[in-house]
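The values are calculated or read from the model by the stated rules, or taken from the named source; none is laboratory data. Because the structure is a prediction, the values reported are computed rather than measured. Here the Cβ positions follow ideal geometry from the backbone for every residue, glycine too, while neighbour counts run over all protein chains shown.
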Amino acid sequence: MSRKITISIFRYNPNIPGDEPRMQDYTLEEYEGMTLFVALNEIREKQDPTLMFDFVCRAAICGSCAMLINGRPGLACKTLTRNLPSRFTLMPLPVFKLIGDLSVDTGTWFRNLQMRTEAWIHTSKKFDPNALEVRMPNEVAEAIYEPERCIECGCCVATCVTANIREDFIGATGINRVSRFMLDPRDERTEKEYFEIVGNEDGAFGCVGLMACDDFCPMDIPLQKQLAYVRRRMAKAGLKLDLKGMKIS
């Protein structure tokens, strides 16, 4: 049996002079299989065309529709309204710059993250476009694939205590990204080079260990495992520091 649901949505457009943050209620008829993504599009098409939120794929691949759903980060396209109470709230993700209403700028944040972590293969080998791809054992490829599944939705960042307090913290997604390249045998960076990127309070040692990131990752990436891996590598590297020259052997 269908029911009426009321969605209380955060509204605020920082580009409109005088606009103030507020909550606005929308009521609509729920039907079988309705996702939050569908509900929001129905509101925008039939009730309020000014409502701002992001979406691209509607298949939990792009990560664009992440938001706080009753205070918990999640993807709108992956959330069935039947699993929510008849009245619930939607808020934009914290940490990221607000564009308007439920829309935030995750792109700039993740672009800066990629540059800070130097998220590309570092190799001295000259690229040959005609050469075959580098072969590696299946178990290594599978280990790399695990952190590579991140869709950069920002859910782990939004729920992170440290990221909400310190804007320079790279968060679980940043540590996950670094672990991906640490696992990759094609990357020739030394322990010292990795330590300079992530062996500090803005990186692997800034996490307070609440692991909400692991709980709310919509892709079920084992972020706790990735953090433990990077921390072990960086702790080992730190112990090798020469107190005189501050170099890692």
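Can you say whether residue 189 is part of a loop (DSSP other than H, G, I, E, B) and touching a helix residue (DSSP H, G or I) at 6+ places or on another chain (Cβ under 9 Å), as far as the supplied structure shows?
Working: part of a loop (DSSP other than H, G, I, E, B): yes; touching a helix residue (DSSP H, G or I) at 6+ places or on another chain (Cβ under 9 Å): yes.
Yes.
I want to confirm something. Restricting to segment 140-182 and keeping residues that are assigned to a helix (DSSP H, G or I) and among the charged types (D, E, K, R), which single residue is nearest to residue 56 (Cα to Cα)? Let's see the steps before the verdict.
From segment 140-182, those assigned to a helix (DSSP H, G or I) are 140-148, 155-158, 161-165, 171-182; that's our starting set.
Remaining after also requiring among the charged types (D, E, K, R): 142, 146, 148, 177, 180.
On the way: 142: 27, 146: 23, 148: 20, 177: 23, 180: 25 Å.
The qualifying residue nearest to residue 56 (Cα to Cα) is 148.
When both residues are 6+ apart or on different chains and their Cβ atoms are under 6 Å apart, which pairs have a first residue that lies in segment 97-109 and is at pLDDT 95 or above, and a second that is among the β-branched types (Val, Ile, Thr)?
Between residues of segment 97-109 that are at pLDDT 95 or above and residues that are among the β-branched types (Val, Ile, Thr), the close pairs are 98/104; 105/99.
Scan segment 75-99 for residues that are small (Gly, Ala, Ser) and in contact with a Lys or Arg (Cβ under 7 Å, 6 or more places away or on another chain) and jot them down.
Looking only at segment 75-99, we keep the residues that are small (Gly, Ala, Ser), and these are 76, 86.
Of everything in segment 75-99, just one residue is small (Gly, Ala, Ser) and in contact with a Lys or Arg (Cβ under 7 Å, 6 or more places away or on another chain), namely 86.
For the subset of segment 34-74 comprising residues that are among the hydrophobic types (A, V, I, L, M, F, W, C) and part of a helix (DSSP H, G or I), which member is farthest from residue 101 (Cα to Cα)?
Per the criteria, the residue is 38.
Only residues that are within 16 Å of the chain's Cα centre (by Cα) and buried (at least 24 other Cβ atoms within 10 Å of the Cβ): list them for segment 166-203, please.
Across segment 166-203, the qualifying residues are 170, 171, 172, 173, 174, 175, 176, 177, 178, 179, 203.
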